[in-house]
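Visitor: Please see the structure below; I have some questions.
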Amino acid sequence: MEKIIDEKKQGEALLLNKSDKNKRKLFIESYGCQMNFSDSEVVASIMASEGFNTTNKLEEADLVLVNTCSIRDKAEQTVRKRLEKYNAVKQSHNKNMKVGVLGCMAERLKDKFLEEEKIVDLVVGPDAYKDLPNLIKEVDAGRDAVNVILSRDETYADVSPVRLQSNGVSAFVTITRGCDNMCTFCVVPFTRGRERSRDPQSIIEEIDDLVTKNFKEITLLGQNVDSYLWYGGGLKKDFEKASDMQKATATDFAKLLDMVAIKYPKLRLRFTTSNPQDMTMAVIDVMSKHSNICKYIHLPIQSGSDRILKEMNRQHTREQYMELITNIKKRMPECAISQDIIVGFPTETEQDHKDTLSMMEFVQYEYGFMFAYSERPGTMAARKMEDDVPQEIKKRRLSEIIDLQQKHSGERLEKFIGQTVEILIEKESKRSKEQWSGRTTQNAVAVFPKENYKVGDFVNVKIDSCTSATLIGHAVDYSENN
Ligand code: SAH
Ligand code: F3S
């Protein structure tokens, strides 16, 4: 895809002198996955060197950037509504306000966005953020600007992210970008391109910086973290052809995780997302070996039916997934597991749905993220299969899945009552100014009276009761982690 510069807005050109430039305000907001939130921090950093300071007031923005999600139709509709809101604010507050669309919708719709949404001046795909300074110059000169070129090697390893709306305690560090898996329902391989891994040295440097700034918890982030592989750059398939020596010196995800856990023994480590077909026993071993790696795995299943898994092009069977769960529980009985499930994938029968429910019974997931199938243009499922499960059936199946998950989540939380768990304090509880809120290693939220503790402390908390989603307890003492 070539870069497109549209001249049609030449007439309303707004040329800024340098001093104006240094005062400009950027309002940036993100929708969708954690990767988008993390990317926005990269974008804020790139824009800061162009003289843009971030603001959290839309009304005072000179430039609005919205980082968008295409995963389901609803996600796209949410963004379209936001564009209407920006338009209203532009009319009422600042006629010169510019609006840019980033992320997956930008990549999917490309220059069509400029036709469909008059408010949009700038369209930038997930691999083109380093081109923002040039694109902004075009916009300043009154021209629309689009760059949606996907890259084979861009990882933004050399950009130091500006932490937006951070609690100062937990941060995301991106380790891979893109996805090569081609699940038939998923738009991500089209919007985020080929899988590529980031240089471990730059990952360590970013974590070093976060540790210096007193961050206490890092989540290593990727669409598919288990396929992380660094042997000097390039694509994974090139590696498969490469020499044994390269293989021997390569860093895979288990090695990376081990390295980070050893280097930062006081840092809590998390990672997401794991793909069942790529998760190795080596990763599970590393997790069980280090107490600073949180005992929580997000392990999407999507469906419990072998036939549907095959139609989805998930590269594992129901049995293989169950075996993986058994191995995880054997090594780490306390490990929490969460799921993503899609109901109503084309051709899904009542029996397929029952297979999903029985898989949930088998695993007893701590949490879940559950969705009705939403056909995405261009995906293999959209091209080859009819979206044939009626809306009402999708709805009913979704509510059955959600009900069962709620039951399991409640039961899993109740098991903590009477136990003492280590909580990392993240923020004040939303419900009470007198309480702190934080998470256990299993990612369960807990609240307890503040006493003299502060944000960023690791505290041993005895759990007295729970609601459907939150543990309630009281501090018993400082943990040795402090
Ligand atoms: N590997 C990625 C997955 C991103 S998509 C990650 O980092 O988590 C997140 C979830 O959205 C998927 O696991 C799937 O359950 C759901 N999803 C993806 N495409 C969908 C679609 N077309 N309709 C409904 N749900 C979808
Ligand atoms: Fe999407 Fe499957 Fe990759 S869900 S992000 S294609 S692992």
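Visitor: Beta carbons within 10 angstrom, averaged per residue: use that to sort the peptides 134-147, 160-173, highest first.
Guide: Packing order, densest peptide first, comes out as 134-147, 160-173.
Visitor: May I pose another question? Kindly provide the helix-only [θ] at 222 nm of the chain, computed as the sum of -39,500 (n - 2.57) over DSSP H runs of four or more divided by all residues, to the nearest 500 deg cm²/dmol?
Guide: -11000 deg cm²/dmol
Visitor: Then there is this: Need the full-extension length gain, residue 307 to residue 326, defined as separation in residues times 0.36 nm minus the C-alpha distance. One decimal, nm.
Guide: Value of the extension gain: 4.7 nm.
Visitor: Turning to a different aspect of this structure: Between residue 93 and residue 262, what is the label-to-label distance in nm when each label sits 7 Å out along the Cα-to-Cβ direction?
Guide: For residue 93 paired with residue 262, the spin-label model returns 5.1 nm.
Visitor: With θ set to phi - 60°, apply the Karplus curve 6.51 cos²θ - 1.76 cosθ + 1.60 along segment 192-209 and write out the HN-Hα couplings as whole Hz, x wherever there is a Gly or Pro.
Guide: Listing the rounded values in order: 10, x, 5, 6, 8, 10, 9, 3, x, 4, 6, 5, 4, 4, 5, 5, 3, 5 Hz.
Visitor: Right, next: If the viscosity is 0.890 mPa s and the temperature 25 °C, what translational diffusion coefficient in µm²/s does Stokes-Einstein give for the chain when Rh comes from Kirkwood over Cα pairs?
Guide: Taking Rh from Cα pairs, D becomes 102 µm²/s.
Visitor: Give the accessible surface of the chain per residue, rounded to a whole number of Å², with probe radius 1.4 Å and ligands, DNA and RNA excluded.
Guide: Each residue of the chain exposes 44 Å² on average to a 1.4 Å probe.
Visitor: Separate question: Which order do peptides 85-91, 53-59 fall in by mean Cβ count within 10 Å, highest first?
Guide: Packing order, densest peptide first, comes out as 85-91, 53-59.
Visitor: In nm, to one decimal, how far is the modelled label at residue 290 from the one at residue 201, with both set 7 Å along Cα→Cβ?
Guide: 2.1 nm
Visitor: What is the helix-to-structure angle for 34-48, meaning the angle in degrees between its Cα long axis and the longest Cα principal axis of the chain, kept from 0 to 90 and rounded to the nearest 10?
Guide: That helix lies at roughly 40 degrees to the long axis.
Visitor: Now for a separate question. Run through the DSSP bridge list for the chain and note the antiparallel percent, rounded to the nearest 5.
Guide: So the antiparallel bridges amount to about 40 percent of the total.
Visitor: Let me check something: with ligands and nucleic acids excluded, how do 474, 290 order by accessible area (1.4 Å probe), largest to smallest?
Guide: Solvent-accessible surface, decreasing: 474, 290.
Visitor: Rg and Dmax in Å for segment 119-241, alpha carbons only: what are they?
Guide: Answer for segment 119-241, Rg first and Dmax second: 16.4, 48 Å.
Visitor: In units of 2.2 N^0.38 Å, what is the alpha-carbon radius of gyration of segment 357-482?
Guide: 1.42
Visitor: Do any cysteines of the chain lack a neighbour Cys whose Cβ is under 4.7 Å away, and which are they?
Guide: Lone cysteines by the Cβ rule: 33, 69, 104, 179, 294, 335, 466.
Visitor: Quick check: residue separation of residue 474 and residue 280 times 0.36 nm, minus the Cα distance between them. What number comes out in nm?
Guide: Full-extension gain reported as 66.1 nm.
Visitor: Would you mind computing, in nm to one decimal, how far apart the modelled labels at residue 208 and residue 388 are, each placed 7 Å from Cα along Cα→Cβ?
Guide: 5.8 nm
Visitor: Please report the carbon-and-sulfur percent of the accessible area for the chain; probe 1.4 Å, protein heavy atoms only, DNA, RNA and ligands left out.
Guide: 50 percent
Visitor: Determine the distance separating the Cα centre of segment 311-344 from the Cα centre of segment 56-117; give it in Å without decimals.
Guide: When both Cα centres are located, 37 Å separates them.
Visitor: With a 1.4 Å probe and every protein chain left in place, tell me how much accessible area residue 113 has, in Å² to the nearest 10.
Guide: 0 Å²
The values are calculated or read from the model by the stated rules, or taken from the named source; none is laboratory data. Since this is a predicted model, take the numbers as computed values, not measurements. Please note: Cβ atoms are built from the backbone with ideal geometry, for glycine as well, and neighbour counts cover all protein chains shown. Ligands, DNA and RNA are excluded from the accessible area calculation, which covers all protein heavy atoms including side chains. Shrake-Rupley method; radii C 1.70, N 1.55, O 1.52, S 1.80 Å.
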